[in-house]
1. Sorted by packing (mean other beta-carbon atoms within 10 Å per residue), highest first, where do 275-286, 52-63, 165-176 land?
2. On a 20 Å Cα-Cα criterion, which of the cross-link pairs K212/K242; K235/K302; K132/K287; K205/K303; K212/K265 come out too long?
3. Between R49 and V22, how many nm apart are label points set 7 Å from Cα along the C-beta direction?
4. From a point 7 Å beyond the Cα of K235 in the direction of its Cβ, which residues of the range 191-220 have a backbone N at a distance under 18 Å?
5. Measuring from centroid to centroid over Cα atoms, what is the spacing of the range 215-274 and the range 152-193 in Å?
6. At each listed q (0.17, 0.23, 0.26 Å⁻¹), what is the log10 of I(q)/I(0) that the Debye formula gives for the range 62-142 modelled as equal alpha-carbon point scatterers?
7. Can you give the FRET efficiency to the nearest 0.05 for H244 and R130, using r as the Cβ-Cβ distance and R₀ = 35 Å?
8. By average Cβ neighbour count within 10 Å, what is the ranking of 129-140, 218-229 from highest down?
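Read the figures in this text as sums done on the coordinates, not as results from a lab. Just so we're clear, the structure is a prediction, and the values are computed from it rather than from any experiment. FYI the Cβ positions are ideal-geometry reconstructions off the backbone, even for glycines, and counts take in every protein chain you see.
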Amino acid sequence: MAEAVSLPPPGCGSAAEERVRVWAAGHAACGRRVALVTSGGTRVALEARAVRFLENFSSGRRGAGSAERLLEAGYAVCFLHRARSAFPWARSLPQHGAALLDAFRLTPGAGSAVAADPASLLPALRGYHRAKEQGLLLPIEFTELQEYLELLRAAARALAPLGSSVMFYLAAAVSDFYIPTSELPQHKIQSSEGPLQITLKMVPKMLSPLVKEWAPEAFVISFKLETDPLILIDKSRQALEKYHHQVVVANILETRRTAVVIVTKDSQTPLSLSEEEIAQGMEIEEKIVNYLLGQHTLFIEKKV
């Protein structure tokens, strides 16, 4: 059995839980479905006063793009995301550096006003402000693994009263390994001590308590990323059998931007982008979300 993760001090997630509960209750009263989208990667410290960390490559692009699609489909979205990872609509703006600065220009005149390139900024700003003004997007940040686990638990408990109308879209790339707090070196690891050897413990999977205890009536989607296509579907089905949730979105590292397989206990549905769709700028998240909207409806109606 995996050792329990050392979570932040008790009550750390209580403020977030209350915030999510009040926000979600207001949307539920209007008959609106709610989604919790997790996004980005977690950080694991190698020292108590951390200088070094374990990371993964997740940029949060899938979670941010999917959150946009869910908002456009009429869902209210709690966006539990890694700090400084991709954010809905902001991800379409130029990255930091020259490209970002080039999107703005100073207009001549005494006031030296700032103008922006409308082609890249206006659609994103309209989408963001529309969601913000209606209170549809509730962003919550995390950085460390422990923060993520605590906030996920808090949000799940807050959303549990919504029953089957809530969707958990677990796109965050959560570390599989960590060092318990009690075993962390107190100071910076010194390179003068020679090659580094560390022992990592397994992080317990949160799907089990999420499905069984925290929000047992919710529609739950997990993601499975592999580099070996020969094991992808088997691993996805094993996850469904082990955790008893509804959907696994399975994808291969090299093709994750253009193709996935939606795996349920009774089916597997490949989704992919054609060359024409790629040229038009379509993202695979549009097809993923559109498919899952129908699956969620069937789940609410107890047809899946």
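1. In decreasing order of mean packing, 275-286, 52-63, 165-176 become 165-176, 52-63, 275-286.
2. K235/K302; K132/K287; K205/K303
3. Going from the R49 label point to the V22 one covers 3.8 nm.
4. Only 202-208 fall inside the zone, counting backbone N under 18 Å.
5. Measuring centre to centre over Cα atoms gives 21 Å.
6. Normalising to I(0) and taking log10 leaves -0.75, -1.09, -1.24.
7. Efficiency, rounded to the nearest 0.05: 0.45.
8. Order by mean packing, descending: 218-229, 129-140.
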